[in-house]
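Enquirer: Could you have a look at this structure, given as structure tokens, before my questions?
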Amino acid sequence: MRTLSAVLFGASTLVLAGPALAQEQADWTGPYVGVSAGLDLQGSDGGDPIQFDTNLDGTYGDTVRTGAGADAFSPGFCGGRALAATPTGCNKDSDRVGYSAQAGYDMQFGNIVVGAVGEFGKSNIRDSSSAYSTTPARYAFTRDIDWNAAGRLRAGYALGNTLPYITGGAALARVDRGFETSNAANSFTLDRQKRNAWGYTVGGGLEQRVADNFSIGVLYTYTSVDDQSPTVAVGPGTAPATNPFLLVNSAGTDMRRGDDRFDWHSARVTAAFRF
């Protein structure tokens, strides 16, 4: 009987101890390196028209008019890359794959985990905005990213081997800008093709330890950088003096995008090795 009692007591002790062992707290303190990959998505930018400065006074919002006084851009605009001289098709901005490498350090205080992480990678998204003139002709501003980086802080609450967290910080992107048109009469000069655009990134994620030194997870971030629109100087070229771009000022007209923000959402899977 004593032997049976001892066995039963030992078994019950193991059952009661099981949940406690399962909830044993992992130590999140220390450095780590990792990678992430996933889909980058752009929001709707249908309200991103092209703006004009017809008298070259540095103030945009003018209307380019024909000799008869009609709006030369009455066919309208599209939040994408115009495919033809008439608004018969506009290649909308697409969602594409992005990837990055990270290095960071966490410190744990009880269940609270705080840390900092730096990342460098590339988002393959392309963002365009176009206008159509009555000529007819198309005019498309395009931009994509050569590389992007971020420095983020993060704070989470450790639940054993699971770490949900929020994150945010500074973002930097090297933006490559372009311009396309089917107008062969005027001359077009893009003033700045590439520039560094600063902004911010915020989001949250979940990290799961699957081994002592290895974790996997998911991460969502929203990133917005201030990509001040380049200016395209429209000159006379071979166009006559009655050309709509030349009517107000014979030197031409400046044009630019109406939205200086370059925004995107990222949904990534992550993997990290901890030291």
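Enquirer: Please report, ordered by residue number, the strands (runs of 3 or more DSSP E) entirely within region 168-275 with at least 1 residues that are over 30 Å from residue 69 (Cβ atoms). Break it down into steps so the answer makes sense when it comes.
Expert: Working: elements: 187-190, 194-211, 214-226, 232-235, 253-257, 261-274.
Where strands (runs of 3 or more DSSP E) fall fully within region 168-275 and carry at least 1 residues being over 30 Å from residue 69 (Cβ atoms), they are 194-211, 214-226, 261-274.
Enquirer: I've got another one for you. Here's a check for you: in region 51-104, which residue that is over 29 Å from the mean Cα position of the chain (by Cα) and acidic (Asp, Glu) is surrounded by the most Cβ atoms within 10 Å (Cβ to Cβ)?
Expert: Only one residue tops the list, namely 62.
Enquirer: Quick test for you: out of 211, 239, pick the one residue that is small (Gly, Ala, Ser) and closer than 28 Å to residue 100 by Cα.
Expert: None of the others qualify; the one that does is 211.
Enquirer: In region 206-250, what count of residues is obtained for those that are within 30 Å of residue 104 (Cα to Cα), small (Gly, Ala, Ser) and open to solvent by 20 Å² or more (accessible area, probe 1.4 Å)?
Expert: Adding up the residues that qualify gives 1.
Enquirer: Next question. Would region 124-133 turn up any residue that is closer than 23 Å to residue 270 by Cβ, in contact (Cβ under 8 Å) with a residue 12 or more places away in the chain, touching a strand residue (DSSP E or B) at 6+ places or on another chain (Cβ under 8 Å) and not aliphatic (A, V, I, L, M)?
Expert: If we filter region 124-133 for residues that are closer than 23 Å to residue 270 by Cβ, which is where we start, we get 124-125.
Keeping just the survivors that are in contact (Cβ under 8 Å) with a residue 12 or more places away in the chain gives 124-125.
Checking which are touching a strand residue (DSSP E or B) at 6+ places or on another chain (Cβ under 8 Å) leaves us with 124-125.
Going one step further and asking which of them are not aliphatic (A, V, I, L, M), we end up with 124.
There is at least one residue in region 124-133 that is closer than 23 Å to residue 270 by Cβ, in contact (Cβ under 8 Å) with a residue 12 or more places away in the chain, touching a strand residue (DSSP E or B) at 6+ places or on another chain (Cβ under 8 Å) and not aliphatic (A, V, I, L, M).
Enquirer: Follow-up question, since we're still on this one. Going by what's in this entry, would residue 254 be described as at pLDDT below 95 and either in contact with a helix residue (DSSP H, G or I) (Cβ under 6 Å, 6 or more places away or on another chain) or closer than 15 Å to residue 51 by Cα (or both)?
Expert: no
Enquirer: Still on this structure: Looking at region 246-269, I want the residues that are over 16 Å from residue 133 (Cα atoms) and have a partner that is open to solvent by 60 Å² or more (accessible area, probe 1.4 Å) and of a type in the set (Gly, Ala, Ser) with Cβ atoms under 9 Å, at least 6 apart or on another chain. Which pairs are those?
Expert: Sorted first by the residue in region 246-269, then by its partner, the pairs are 250/241; 258/47; 259/47.
Enquirer: Another question, if that's okay. Is there a residue in region 10-29 that is modelled with pLDDT of 95 or more, more than 30 Å from residue 244 (Cβ to Cβ), open to solvent by less than 70 Å² (accessible area, probe 1.4 Å) and outside any helix (DSSP H, G or I)?
Expert: Scanning region 10-29 turns up at least one residue that is modelled with pLDDT of 95 or more, more than 30 Å from residue 244 (Cβ to Cβ), open to solvent by less than 70 Å² (accessible area, probe 1.4 Å) and outside any helix (DSSP H, G or I).
Enquirer: If you take the residues in region 141-166 that are crowded, with 22+ Cβ neighbours inside 10 Å and aliphatic (A, V, I, L, M), which one is nearest to residue 204 (Cα to Cα)?
Expert: 163
Enquirer: Name the pairs whose Cβ atoms lie under 8 Å apart, with the first residue in region 152-166 and at positive phi, the second of a type in the set (A, V, I, L, M, F, W, C) and open to solvent by less than 40 Å² (accessible area, probe 1.4 Å), and 6 or more positions between them or separate chains?
Expert: Filtered contacts from region 152-166: 160/26.
Enquirer: Residues in region 123-135: is at least one in contact with an Asp or Glu (Cβ under 6 Å, 6 or more places away or on another chain), within 21 Å of residue 192 (Cα to Cα), open to solvent by 50 Å² or more (accessible area, probe 1.4 Å) and in a strand (DSSP E or B)?
Expert: yes
The values are calculated or read from the model by the stated rules, or taken from the named source; none is laboratory data. Just so we're clear, the structure is a prediction, and the values are computed from it rather than from any experiment. A quick note on method: Cβ atoms are made from the backbone with ideal geometry, for glycine too, and the neighbour counts reach across all protein chains shown. These accessible areas exclude ligands, DNA and RNA; they are computed on the full protein's heavy atoms, side chains included. Shrake-Rupley method; radii C 1.70, N 1.55, O 1.52, S 1.80 Å.
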